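Have a look at the structure below before the remarks.
The values are calculated or read from the model by the stated rules, or taken from the named source; none is laboratory data. This one's a predicted model, so the numbers in the text were calculated from it and none came from an experiment. So basically every Cβ, Gly included, is an ideal-geometry build from the backbone, and we count neighbours across all protein chains shown. Areas reflect the complete protein model, heavy atoms only, side chains present, ligands, DNA and RNA absent. Shrake-Rupley method; radii C 1.70, N 1.55, O 1.52, S 1.80 Å.
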Amino acid sequence: MITDAQRFQPFSEEPIRLIDQSGAWLGAFPCDLDDATLHAMYRHLVLARAVDERLVLLQRLGKISFTASAAGHEAAQVGTAHALRVGRDWIFPYYRDTALAIAVGWPLVELFGQMMGTRADAARGRQMPAHPGSRDLRIFTVASPIASHLPAATGTAIAQKLAGAGDATVCTFGDGATSEGDWHAALNFAGAQGAPIVFVCENNRYAISVDLRHQTGSDGLAVKAHAYGMPGYLVDGMDLLACYYVMRSLLEAARDGLGPALVEMTVYRYGPHSSADDDSVYRDPAEVAAWRERDPIVRFRRFLTARGGWDEAAERELRAAVTRTVDEAVEAAEAAGPVPVEWLFDDVSSRPTPQLERQRERFRAARRAAGEDVAD
Ligand SMILES: Cc1ncc(C[n+]2csc(CCOP(=O)(O)OP(=O)(O)O)c2C)c(N)n1
């Protein structure tokens, strides 16, 4: 239940913030989360960072072909995840949302299986790495073309409204997505239809090498919500609880029939755009270092420590447990073995067409000719 004090003002000039750099609570209302919930949120932050670092390592080792680091985005994503009703609300994420997927419970074995293309991958090796999806968790499979998932997210939210079950949709994207036509079509239609959807822009100020100043002449991104008839909120995306409380109140409003909202979360990506990028050619290392000083994980840990109930021993125990969890997940995902190439022919249609069967036979014949052992 959201109280009046937990409703936020849209279109503020300063980002909404509930925890300062020292970990002190700034809210006009008391934090109403219990220790177990706060510690679960912190574990998700730490786990997401550890997964991220392991993915970079696996890419360097040649075990995965591509990774897009979420380091610096964790508070925005974990805060959003905890405001969702997992399995009921729909989630339309983008490729940088590893922490979001982890925090809503995407199994780590599946995550690493998806990244490595092993049999542990629920998508059976058919997506490029960093493209999760889950029927059970209602995660719409990530699509590479920027902003192409937004109209589908709006459509889903309109369907939720028509169904009348009180569900909502969250759709995330980067600042670069706001330059795409799909972005405007989706927000326009959501506003016109009063769709129960919260659009979340993880604004890290870069679309690969393109600075936000080249994307828009407007004063920020949240302000664009005005034109689509919905409120826009500017939030400190390195502050987990600011992200959580803003998302909680907006999702509740959406479920109550109050329509869509746009949230701009200011974040920073510490690493390059992806494993295929060299950010040193377009960013000053001093800028990266300055944002690292505002690390969302350190800030939240300070909050927990100041509140009581978190200390060095708890921290050590958590870090060791997280390392073990990641080790085991990587091991299990790898042990599942690579996806057989022949799976390519499965699930294309409910009954294979004669053309598909002929292609499968030609493929098998080519493998036999190459001396491979092909089962009948
Ligand atoms: C329609 C389209 N155009 C270009 C690309 C190439 N591309 C991949 S990621 C990216 C940058 C997107 O930046 P942003 O939306 O800000 O998200 P970020 O990666 O910064 O989190 C671009 C241009 C693409 N995938 N799709």
Value of relative contact order over region 75-161, rounded to a whole percent, pairs C-alpha under 8 Å and six or more apart: 29 percent
Stretch gain in nm, segment Glu293-Ala192, where the contour uses 0.36 nm per residue and the Cα spacing is subtracted: 32.2 nm
Cα gyration tensor shape for region 4-338, rounded if a/c is under 1.5, else prolate or oblate: rounded
Nitroxide proxy distance, nm - points 7 Å out along Cα→Cβ at Arg367 and Asp311: 5.9 nm
Heavy-atom accessible area per residue - the chain, 1.4 Å, Å²: 45 Å²
Taking region 1-127 and dividing mean pair separation by its residue count, relative contact order in percent (alpha carbons under 8 Å, at least six apart): 18 percent
Rel. contact order, % - alpha carbon contacts under 8 angstrom, at least six apart, region 4-338: 26 percent
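Run the accessible area of the chain with a 1.4 Å probe and give the carbon-and-sulfur part as a rounded percent.
Of the solvent-accessible surface of the chain, carbon and sulfur hold 53 percent.
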